[in-house]
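Everything below concerns the one structure shown next.
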Amino acid sequence: MAEIYGRRETAATLAARAGNLSQFAGVRLVTLADGAERGIRLLEFRTGSGLAFTVMVDRALDIAEMAHNGRAIGWHSPTGLRHPGLHEADGEGGLGWVRSFSGFLSTCGLDHIFGPVEVPADSYNYPYRPSVKHGLHGRIGTCPARLTGYGERWEGDRCILWAEGIVTQAAVFGENLELHRRIEADLGGNEVRLSDRVVNAGFARTPHMLLYHVDIGYPVIDEGARYLAPIRDVIWAAHAAHYRAQGVGYHTCPAPITGFREQVWQHDMVADANGLVPVAVVNDRIGLGLQVETRAAQFPCAVQWQNFQSGNYVMGIEPSTHHVLGNLAARDRGEMIWLNHGDTRRYDTTFAVLPTPAAIAAAEARIRAISPQPADAYPGPGGRFPKIHTP
C-alpha cells in the first residue's frame, strides 16, 4: 500500500478519491522553451509525499531539480540547464564541461572521469588516431537519451513511478558505450532509485570509468550543515598544501565565502554488512537532509567536493569507480575497467530525502554504527590509495 497524506491507500481507495493519479502524483513529459535551455525535454516526478524532481531526457537522464515540500535540495549553477547542442565538449582546453555544469545529478564518464588528459587509443586500431583527448569528466553528461518509456505502474497496491532510456556515447574508430538508465520512485515515497547498466555495444576493447556528481545546494547547504560518512581514512586532499588556510574542514559547511577556492577530498569508506555505503549531508536548523547510498563493490572510491564560493555555493557527494589519481594512473596501476563486446557493469544508487529531525537522527546513528568519522575537521590525508580490484 502507498502511505500518502497520513493514510495507507490501495489502488482502489485512491481511484475513488481522484479521477486521475496526476491530481497529486505521477510522471509528466514537458519541454523547456526559452533561453539556453530551449528544447530540453524534462520528466517531472511527483510522489505525493512532497518529493518532486525532474529528469533531463536530453542530458543523459540526469536529475536537474530535487525538492521536498518546496525546499530545494539540488544545486543550480549560473549556466542553467544548457541544451547539449550548445555544449563545446573540447572547448577551453578540456574545461568546456563547466559551461554546462548544473543540477542535482551530473553523470561523468563513460570512458573518462576527472581532469583533462590525453591517453593512448591503440585499442581502437586506427593509425590516424594514436591517442584520445578527454575533457573534464568525459562526454556522457551532455548526450541526449533515447526515451524508451515512463509512467506509473501498479504492482498490486504498490505504485511505482518510473522512467527508462538509453544514452549512447560513440565514435567511429572509438568507443561505443551505452548507458541503460532506469529511475524509480514510489507513490508516497521519499527516495529515488537509480539503476544503471553500462554496456560495450562495440567490438573494440574499451576503457570504462564512472562518477556521479551529486550536488547539493541551499537551503540544505548552509552555515552549520554537516557531512556524515563512515570514513575509515582520509586518503587525499587537493588543497593539502594549504590545508587550514580557508578555515574550512571536511565536516561542517561555512556561510558563502567570496573568493573561496574549491576543496576536494577522497575518503576511504567502510561498508555495512550488506556492502552498502551511506553518505549524508544534513541541515539540523531546518530539519532537512539527503542521503546517498551506493554499493562498495560498484563504487569503491568516494570523493567530497566543497565549493563554498559566493554565487556557486554547493557541496558534492561523488561516488566513483576510480581514485582521483585519474585515467593514466588507473591504467598504470592495473585498475582501469576494460570492457569487451557485450560486457556490462551495473550500478545501483539510492537518493533518500531526510525530511525530519527524526530521519536525520536515524541516518546519523546508522552511519556511526558502520564507522565513526574523524572528529578532527582537518584529518591528515594518509596518501594511501587502496588497490582497486577490477573483474
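Key figures
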| read-out | value |
| --- | --- |
| Relative contact order of the chain, defined on C-alpha pairs under 8 angstrom at six or more residues apart (%) | 15 percent |
| Paired Rg and Dmax values of the chain, which use every Cα atom, in angstrom | 20.8, 67 |
| Packing rank of 238-248, 213-223, where each peptide gets the mean count of other beta carbons within 10 Å, highest leading | 213-223, 238-248 |
| Mean accessible surface per residue for region 96-144, computed with a 1.4 Å probe while every protein chain stays in place, in Å² | 38 Å² |
| Convex hull of region 1-105 built on C-alpha atoms - directionally averaged projected area, nm² | 7.9 nm² |
| Surface per residue (accessible, 1.4 Å probe) for region 190-337, Å² | 34 Å² |
| The chain, accessible surface, carbon-and-sulfur percent (1.4 angstrom probe) | 51 percent |
| Beta bridge orientation in region 210-333: antiparallel %, DSSP, nearest 5 | 95 percent |
| Choice from Ser310, Ser100, Ser320 showing the highest fluctuation, given a GNM over the chain with Cα pairs closer than 10 Å | Ser310 |
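The values are calculated or read from the model by the stated rules, or taken from the named source; none is laboratory data. Owing to the predicted nature of the structure, the values given are computational and were not obtained by experimental measurement. All Cβ positions, glycine included, derive from the backbone under ideal geometry; neighbour counts span all protein chains shown. In case anyone asks, the SASA skips ligands and DNA or RNA and just uses the protein heavy atoms, side chains included. Shrake-Rupley method; radii C 1.70, N 1.55, O 1.52, S 1.80 Å.
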